[in-house]
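**Q** There's a structure below that I have some questions on.
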Amino acid sequence: MRILFLGDLVGRTGREAAAAALPRLREALRIDLAIVNAENASHGFGLAPDMANTLFAAGADVITLGNHAWDRKEIIPYIADKPRLLRALNYPPGTPGQGAAMVELQDGRRALVMQVMGRLFMDPLDCPFRATADLLANYRLGGTVQAIVSDIHAEATSEKMAYAHIFDGQLSFVVGTHTHCPTADAQVLPGGTAFQSDAGMCGDFNSVIGMSKDGAALRFWRKMPGEKLGPAEGEATVCGVFVETDDATGLARRIEPVRQGGRLSQHLPVL
Ligand SMILES: [Fe+2]
Ligand SMILES: [Fe+2]
């Protein structure tokens, strides 16, 4: 199975670049399953229902959120009807929406997609490790499901790496989101799980993690609140990760970063 994951879409520039890139990348990389993180799609904060509809129409099979999940309140009634829009699995019981989705491909293959949120330097939630272990108890990779992908939305690289190693061999692909900077550690772990500790963002890199650099500089240097932070609006780099798995085992054969457009060095996998 060929899987594409695009990192956090930031603001209009990130949203539009991702929506334009999705059909193109789906075709060029012959993608079976496309997942995008859209927690920052609405001016940096949250996701509005019309934006989610646009991303689904552009070719996203699953959309994940993050700590900005509820910044746009309209998403709360919307998520109840959209099983492929995910918030983190380790929110407390009773939280609207769901943390995992089973996607059935047109050819009948099945992929489970989930998201968990880390707890280091983040709001404390239920344990992401236990939530994942409990969910995985219901599925057998390569048996009832051909691929299992987990998006770990977390600040600390250490927590993401620990997560990937703990579930190495039980997940096809672990990808980090939230820091907005693509990491150069894409690898297939010894047990067969593909891992990159952060996918990076779809957004303008002439910025501070996608937000206007002037406002962010005031906050860090002058310690003054300044004006409300807004996204940088120059050309976005579409950052993501490409993974190919073996349907029989569910394990990864290869993983490569994707970086298209904007300011970052360009990379597109060759099939
Ligand atoms: Fe983000
Ligand atoms: Fe985040």
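The values are calculated or read from the model by the stated rules, or taken from the named source; none is laboratory data. Only a predicted model underlies this, so the values are computations on that prediction, with no experimental measurement involved. A quick note on method: Cβ atoms are made from the backbone with ideal geometry, for glycine too, and the neighbour counts reach across all protein chains shown. Only protein heavy atoms, including side chains, enter the accessible area calculation; ligands, DNA and RNA are left aside. Shrake-Rupley method; radii C 1.70, N 1.55, O 1.52, S 1.80 Å.
**Q** Among the residues of the range 138-160 satisfying the criterion of being crowded, with 24+ Cβ neighbours inside 10 Å and of a type in the set (A, V, I, L, M, F, W, C), which is farthest from ligand 2 (Cβ to nearest atom)?
**A** Across the range 138-160, the extreme among qualifying residues is ALA147.
**Q** Follow-up. Going through ALA88, ALA111 one at a time, which residue ends up being under 16 Å from the mean Cα position of the chain (by Cα) and within 16 Å of ligand 1 (Cβ to nearest atom)? Steps first, answer last, please.
**A** Details: ALA111 fails: within 16 Å of ligand 1 (Cβ to nearest atom).
Being under 16 Å from the mean Cα position of the chain (by Cα) and within 16 Å of ligand 1 (Cβ to nearest atom) holds for just one of ALA88, ALA111, which is ALA88.
**Q** Looking at PRO83, is it more than 16 Å from ligand 2 (Cβ to nearest atom) and either in a loop (DSSP other than H, G, I, E, B) or open to solvent by less than 10 Å² (accessible area, probe 1.4 Å) (or both)? Can you show your working first?
**A** Details: more than 16 Å from ligand 2 (Cβ to nearest atom): yes; either in a loop (DSSP other than H, G, I, E, B) or open to solvent by less than 10 Å² (accessible area, probe 1.4 Å) (or both): yes.
When the stated conditions are applied, PRO83 passes them.
**Q** I'd like to check which strands (runs of 3 or more DSSP E) are fully inside the range 1-80 and have at least 1 residues that are within 16 Å of ligand 2 (Cβ to nearest atom) and polar (S, T, N, Q). If you could, list the steps in order and put the result at the bottom.
**A** Values: elements: 2-6, 33-37, 62-64.
Once the strands (runs of 3 or more DSSP E) in the range 1-80 are filtered for at least 1 residues that are within 16 Å of ligand 2 (Cβ to nearest atom) and polar (S, T, N, Q), what remains is 33-37, 62-64.
**Q** Still on this structure, please answer the following. Where residues in the range 208-217 are away from ligand 2 (no atom under 16 Å from the Cβ) and not in a loop (DSSP other than H, G, I, E, B), which of them is most open to solvent (accessible area, probe 1.4 Å)? If you could, list the steps in order and put the result at the bottom.
**A** At the first step, the residues of the range 208-217 found to be away from ligand 2 (no atom under 16 Å from the Cβ) are 212-215, 217.
With not in a loop (DSSP other than H, G, I, E, B) added as a condition, the list becomes 213-215, 217.
Working: LYS213: 98, ASP214: 117, GLY215: 7, ALA217: 49 Å².
Step by step, filter the range 208-217, then rank; the result is ASP214.
**Q** Let me ask something else about it. In the range 183-204, how many residues are more than 14 Å from ligand 1 (Cβ to nearest atom), in contact with a Gly (Cβ under 6 Å, 6 or more places away or on another chain) and hydrophobic (A, V, I, L, M, F, W, C)?
**A** 0
**Q** Here's something else I'd like to know. May I ask you to list the residues in the range 124-137 that are open to solvent by less than 70 Å² (accessible area, probe 1.4 Å) and within 16 Å of ligand 2 (Cβ to nearest atom)?
**A** Within the range 124-137, LEU125, PRO128 qualify.
**Q** Would you mind stating whether THR144 is within 16 Å of ligand 1 (Cβ to nearest atom) and polar (S, T, N, Q)?
**A** Numbers: within 16 Å of ligand 1 (Cβ to nearest atom): no; polar (S, T, N, Q): yes.
In short, no.
**Q** List every residue pair whose Cβ atoms lie under 9 Å apart, where the two residues are 6 or more positions apart in sequence or sit on different chains, the first residue falls within the range 141-168 and is under 15 Å from PHE121 (Cα atoms) and in a helix (DSSP H, G or I), and the second residue, located anywhere, is open to solvent by less than 10 Å² (accessible area, probe 1.4 Å) and of a type in the set (Ser, Thr, Tyr).
**A** THR157/SER197; LYS160/SER197
**Q** Determine which member of the set PHE205, PHE220 is in a helix (DSSP H, G or I), open to solvent by 30 Å² or more (accessible area, probe 1.4 Å) and more than 23 Å from VAL113 (Cβ to Cβ). Full working, then the answer.
**A** Details: PHE205 fails: in a helix (DSSP H, G or I).
Just a single option satisfies the conditions, and that option is PHE220.
**Q** Further, regarding this structure: Give me the residue from the range 161-202 that is within 16 Å of ligand 2 (Cβ to nearest atom) and of a type in the set (Val, Ile, Thr) and, out of that set, surrounded by the most Cβ atoms within 10 Å (Cβ to Cβ).
**A** It comes out as VAL175.
**Q** Being surrounded by fewer than 18 Cβ atoms within 10 Å (Cβ to Cβ) and either more than 16 Å from ligand 1 (Cβ to nearest atom) or without any contact (Cβ under 8 Å) to a residue 12 or more places away in the chain (or both) is the requirement here; does ARG24 meet it? Break it down into steps so the answer makes sense when it comes.
**A** Details: surrounded by fewer than 18 Cβ atoms within 10 Å (Cβ to Cβ): yes; either more than 16 Å from ligand 1 (Cβ to nearest atom) or without any contact (Cβ under 8 Å) to a residue 12 or more places away in the chain (or both): yes.
It is true that ARG24 is surrounded by fewer than 18 Cβ atoms within 10 Å (Cβ to Cβ) and either more than 16 Å from ligand 1 (Cβ to nearest atom) or without any contact (Cβ under 8 Å) to a residue 12 or more places away in the chain (or both).
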